[in-house]
1. Condition first: surrounded by 16 or more Cβ atoms within 10 Å (Cβ to Cβ) and not in a loop (DSSP other than H, G, I, E, B). Now tell me which residues in region 216-238 satisfy that.
2. Among the numbered criteria (1) surrounded by 17 or more Cβ atoms within 10 Å (Cβ to Cβ); (2) in the same structural domain as Gly258 (by TED's automatic domain parsing); (3) among the small types (Gly, Ala, Ser), which one does Gly147 miss?
3. With a cut-off of at least 2 residues that are in contact with a helix residue (DSSP H, G or I) (Cβ under 7 Å, 6 or more places away or on another chain) and closer than 21 Å to Val128 by Cα, name the strands (runs of 3 or more DSSP E) lying wholly within region 1-68.
4. Does Val87 satisfy being free of Cβ contacts under 8 Å to residues at least 60 places away in the same chain, crowded, with 20+ Cβ neighbours inside 10 Å and either acidic (Asp, Glu) or not in a helix (DSSP H, G or I) (or both)?
5. Among Gly118, Gly123, which is the only one that is within 22 Å of Arg187 (Cβ to Cβ) and at pLDDT below 95?
6. Go through (1) within 24 Å of Ile7 (Cβ to Cβ); (2) among the aliphatic types (A, V, I, L, M); (3) out of contact with any helix residue (DSSP H, G or I) (no Cβ under 8 Å at 6 or more places or on another chain); (4) not in a loop (DSSP other than H, G, I, E, B) and name the single condition Ala80 misses.
Amino acid sequence: MIVISTINEMQQYIKVAKKQEQTIGFVPTMGYLHEGHLTLMNKARTENDLLVVSIFVNPLQFGPNEDFDAYPRDFARDEALAKNNGVDVLFYPSTEEMYPSEMSLTASVKSRVNVLCGRTRNGHFNGVATVLIKLFNIVQPDRAYFGLKDAQQVAVVDGLIKDFNFPITLVPVEIVREEDGLAKSSRNVNLTVKEREEAPRLYESLQLAKTEIENGQNKTEAIIDLIQEHITKHTSGEIDYVEVYQYPELQPLEFLTGKIIIAIAVKFTKARLIDNITLVV
């Protein structure tokens, strides 16, 4: 594995790889790698000649109440994990390398953002889209891998690739779960013992909704009520949202049809957990 820290060197490396007709799989991250990232890497490793992973804490996607400087960073640990998981190139640019001066142009995401978690993170996805445009141009991947844990981000990236005609295949990767169904997250360690026992009920509520839909229920409101009732009855968490949308367009539906997403967010004492499922009705 090699570590590259400048855009020019990364572009030169990619130029040689393209001449050799090597396929490039790309996993963009902000570092502090966890099992979700490793799952993306492992899938990309099996489907491409080259695996490129980027680590860049992007200041543009942090809001005024989100501390960019406090975001966890441990490059030595990340480097070892990347090397042990078959990464060929670790792209690790500095903020100054990516943004040497104030941007004269940035992306403005118009749809798929004012729902779910994006509703309270004004401008977040503008920053995500801007840095991805830069990274896609630098790395020129054939396939880009994103986890469905953040299904809204996957929807935004889907729109970005299509709208800007990037010759990239978006590969969404399923959520990694604990044995009891709880979506894996670094936030899970902040749950109390009682809350950790309750937390699998979130995924359980989504599975109940899926069964209800398979049995013929097609009213969005009824599905939302079912999930809210189950979470309220079986957990001490405070429901932030339970929402159902067309996917990946994230448009509201009165009656369920086509590909949909059912997404939830629940606040516990010191952790806010999110989960979702997508299915075709």
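The values are calculated or read from the model by the stated rules, or taken from the named source; none is laboratory data. Owing to the predicted nature of the structure, the values given are computational and were not obtained by experimental measurement. Here Cβ is always computed from backbone atoms with ideal geometry, including for glycine, and neighbour counts include all displayed protein chains.
1. Correct list: Thr220, Ile223, Ile224, Leu226, Ile227, His230, Ile231.
2. Here Gly147 meets the rest and fails (2).
3. In region 1-68, 24-29, 50-55 are the strands (runs of 3 or more DSSP E) which contain 2 or more residues that are in contact with a helix residue (DSSP H, G or I) (Cβ under 7 Å, 6 or more places away or on another chain) and closer than 21 Å to Val128 by Cα.
4. Numbers: free of Cβ contacts under 8 Å to residues at least 60 places away in the same chain: no; crowded, with 20+ Cβ neighbours inside 10 Å: yes; either acidic (Asp, Glu) or not in a helix (DSSP H, G or I) (or both): yes.
It is false that Val87 is free of Cβ contacts under 8 Å to residues at least 60 places away in the same chain, crowded, with 20+ Cβ neighbours inside 10 Å and either acidic (Asp, Glu) or not in a helix (DSSP H, G or I) (or both).
5. Values: Gly123 fails: within 22 Å of Arg187 (Cβ to Cβ).
Gly118 is the lone residue from the list that is within 22 Å of Arg187 (Cβ to Cβ) and at pLDDT below 95.
6. Of everything listed in (1) within 24 Å of Ile7 (Cβ to Cβ); (2) among the aliphatic types (A, V, I, L, M); (3) out of contact with any helix residue (DSSP H, G or I) (no Cβ under 8 Å at 6 or more places or on another chain); (4) not in a loop (DSSP other than H, G, I, E, B), Ala80 misses just condition (1).
Results for (1) within 19 Å of the chain's Cα centre (by Cα); (2) in a helix (DSSP H, G or I); (3) at pLDDT below 95; (4) under 19 Å from Lys267 (Cα atoms), shown as yes or no for each residue.
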site	(1), (2), (3), (4)
Ile138	no, yes, no, no
Tyr145	yes, no, no, no
Gln152	yes, yes, no, yes
Ala155	yes, yes, no, no
Asp158	yes, yes, no, no
Lys162	yes, yes, no, no
Leu170	yes, no, no, no
Asn188	yes, yes, yes, yes
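To keep it simple, each residue is scored yes or no on (1) more than 20 Å from the chain's Cα centre (by Cα); (2) not polar (S, T, N, Q).
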position: Ser5; (1), (2): yes, no
position: Glu21; (1), (2): yes, yes
position: Pro28; (1), (2): no, yes
position: Tyr32; (1), (2): no, yes
position: Ala44; (1), (2): no, yes
position: Ile55; (1), (2): no, yes
position: Gly63; (1), (2): no, yes
position: Glu66; (1), (2): no, yes
